[in-house]
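The values are calculated or read from the model by the stated rules, or taken from the named source; none is laboratory data. Predicted model, so just to flag it, every value in this text is computed and none were measured. Here the Cβ is made from the backbone with ideal geometry for all residues, glycine too, and neighbour counts use every protein chain on show.
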């Protein structure tokens, strides 16, 4: 009887292997489904709720060789154009025949922002689409989209890169975020990713939400779920310059080489500028902004950043740098209202992490 039991186990094990093989033969996200060696397009279908439905474009590139799953997500802010265009270019650049593993690409999360040219928020519900993770199935459109992205992408990927840049009113110099967690292996991989991406200024983002029910940001949601993730930013004030696009495209390919998803060696940056603290300079009220500094400028504490006048030209404020550091971005347009971000300054770390 024991012998017969062992004989019976063989086809059961074989059946299990076949089921596993079939399960791995294709990969689907939303309506996009790709077999190994294929590329497919589709949508994440966000159902209607308290407001309208939306369809978020998604692409699956399923490598000829099995491996890890990398998610590339852009367009949470639909007028951060460089990051959106970079993902569009990667859709055509990634060859499934050369790929080990699977890549999920989401080029444009915030369709309404893009189409209506509304910076920062989803005009459907006036919420930032990178502030409401992990989302809610019964929330507003932003929350329902965040919920679907969490379930369909974050929960199923092994690594994640979140792409941003200078919005219509932000003159931004390129930089990345790296968020250490205290988990050695996860931090080792995410640090390897950010160095391989190659942006020369890296913010050490250590003070982030840890409650899995209130992670707020996309990359932080992935991080809290144990997935190595980074944020990368390039592009400024609604422009789409080739150099900025190439930073994001080439950085992605280099990171994929570091993760052994593409052949070749990564171009690892050796001595980036590490930033240990961010300082926002906010407007006290409405006015017209005249900047005296540009993106990438190094400033000393107390240095005048520009002037604000009323609508008759009278100077009503002269914002000054609260810290010594680098101007990561500065308000790119004359318009100011109370609470607007005039500038974002990065304080340089005394040593590399």
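Is region 264-274 home to any residue that is surrounded by 16 or more Cβ atoms within 10 Å (Cβ to Cβ), touching a strand residue (DSSP E or B) at 6+ places or on another chain (Cβ under 9 Å) and within 25 Å of residue 75 (Cβ to Cβ)?
Checking region 264-274: not a single residue is surrounded by 16 or more Cβ atoms within 10 Å (Cβ to Cβ), touching a strand residue (DSSP E or B) at 6+ places or on another chain (Cβ under 9 Å) and within 25 Å of residue 75 (Cβ to Cβ).
Among 29, 58, 46, which is touching a residue at least 12 places away in the same chain (Cβ under 8 Å), under 24 Å from residue 233 (Cβ atoms) and either surrounded by 14 or more Cβ atoms within 10 Å (Cβ to Cβ) or touching a helix residue (DSSP H, G or I) at 6+ places or on another chain (Cβ under 7 Å) (or both)?
Result: 58 is the single residue among 29, 58, 46 that is touching a residue at least 12 places away in the same chain (Cβ under 8 Å), under 24 Å from residue 233 (Cβ atoms) and either surrounded by 14 or more Cβ atoms within 10 Å (Cβ to Cβ) or touching a helix residue (DSSP H, G or I) at 6+ places or on another chain (Cβ under 7 Å) (or both).
Can you confirm whether residue 200 is more than 26 Å from residue 336 (Cβ to Cβ), at pLDDT 95 or above, in contact with a strand residue (DSSP E or B) (Cβ under 7 Å, 6 or more places away or on another chain) and buried (at least 23 other Cβ atoms within 10 Å of the Cβ)?
Here the answer is no, as residue 200 does not meet what is asked.
Name the pairs whose Cβ atoms lie under 7 Å apart, with the first residue in region 299-321 and in the same structural domain as residue 340 (by TED's automatic domain parsing) and on the phi > 0 side of the Ramachandran plot, the second surrounded by 14 or more Cβ atoms within 10 Å (Cβ to Cβ) and assigned to a strand (DSSP E or B), and 6 or more positions between them or separate chains?
Cβ pairs passing all conditions: 302/320; 306/289; 306/291.
Name the residue, out of 102, 142, 150, that is touching a strand residue (DSSP E or B) at 6+ places or on another chain (Cβ under 8 Å), in a strand (DSSP E or B) and modelled with pLDDT of 95 or more. Walk me through it before giving the result.
On the way: 142 fails: in a strand (DSSP E or B); 150 fails: in a strand (DSSP E or B).
After ruling out the rest, the residue left standing is 102.
Name the single residue, out of those in region 212-230 being surrounded by 24 or more Cβ atoms within 10 Å (Cβ to Cβ) and touching a helix residue (DSSP H, G or I) at 6+ places or on another chain (Cβ under 6 Å), that is nearest to residue 164 (Cα to Cα).
230
Got at least one residue in region 163-170 being in contact with a strand residue (DSSP E or B) (Cβ under 6 Å, 6 or more places away or on another chain) and without any contact (Cβ under 8 Å) to a residue 24 or more places away in the chain?
no
Listed residues 246, 250; which is part of a helix (DSSP H, G or I), surrounded by fewer than 16 Cβ atoms within 10 Å (Cβ to Cβ) and free of Cβ contacts under 8 Å to residues at least 40 places away in the same chain? Walk me through how you get there before you give the answer.
Details: 250 fails: free of Cβ contacts under 8 Å to residues at least 40 places away in the same chain.
Being part of a helix (DSSP H, G or I), surrounded by fewer than 16 Cβ atoms within 10 Å (Cβ to Cβ) and free of Cβ contacts under 8 Å to residues at least 40 places away in the same chain holds for just one of 246, 250, which is 246.
I need a count of the residues in region 299-339 that are under 31 Å from the mean Cα position of the chain (by Cα), surrounded by 14 or more Cβ atoms within 10 Å (Cβ to Cβ) and not in a loop (DSSP other than H, G, I, E, B).
11
Just a yes or no: is a residue in region 182-191 assigned to a helix (DSSP H, G or I) and within 30 Å of residue 46 (Cβ to Cβ)?
Yes: one or more hits.
Please verify whether region 84-91 includes one or more residues that are farther than 21 Å from residue 42 by Cβ, in contact with a strand residue (DSSP E or B) (Cβ under 7 Å, 6 or more places away or on another chain) and not in a loop (DSSP other than H, G, I, E, B).
The initial filter retains those residues of region 84-91 that are farther than 21 Å from residue 42 by Cβ, namely none.
No, there is no match, as no residue in region 84-91 is farther than 21 Å from residue 42 by Cβ, in contact with a strand residue (DSSP E or B) (Cβ under 7 Å, 6 or more places away or on another chain) and not in a loop (DSSP other than H, G, I, E, B).
Just for region 192-208: of the residues that are in contact with a helix residue (DSSP H, G or I) (Cβ under 6 Å, 6 or more places away or on another chain) and assigned to a loop (DSSP other than H, G, I, E, B), which one is farthest from residue 69 (Cα to Cα)?
Among residues in region 192-208 that are in contact with a helix residue (DSSP H, G or I) (Cβ under 6 Å, 6 or more places away or on another chain) and assigned to a loop (DSSP other than H, G, I, E, B), the one farthest from residue 69 (Cα to Cα) is 208.
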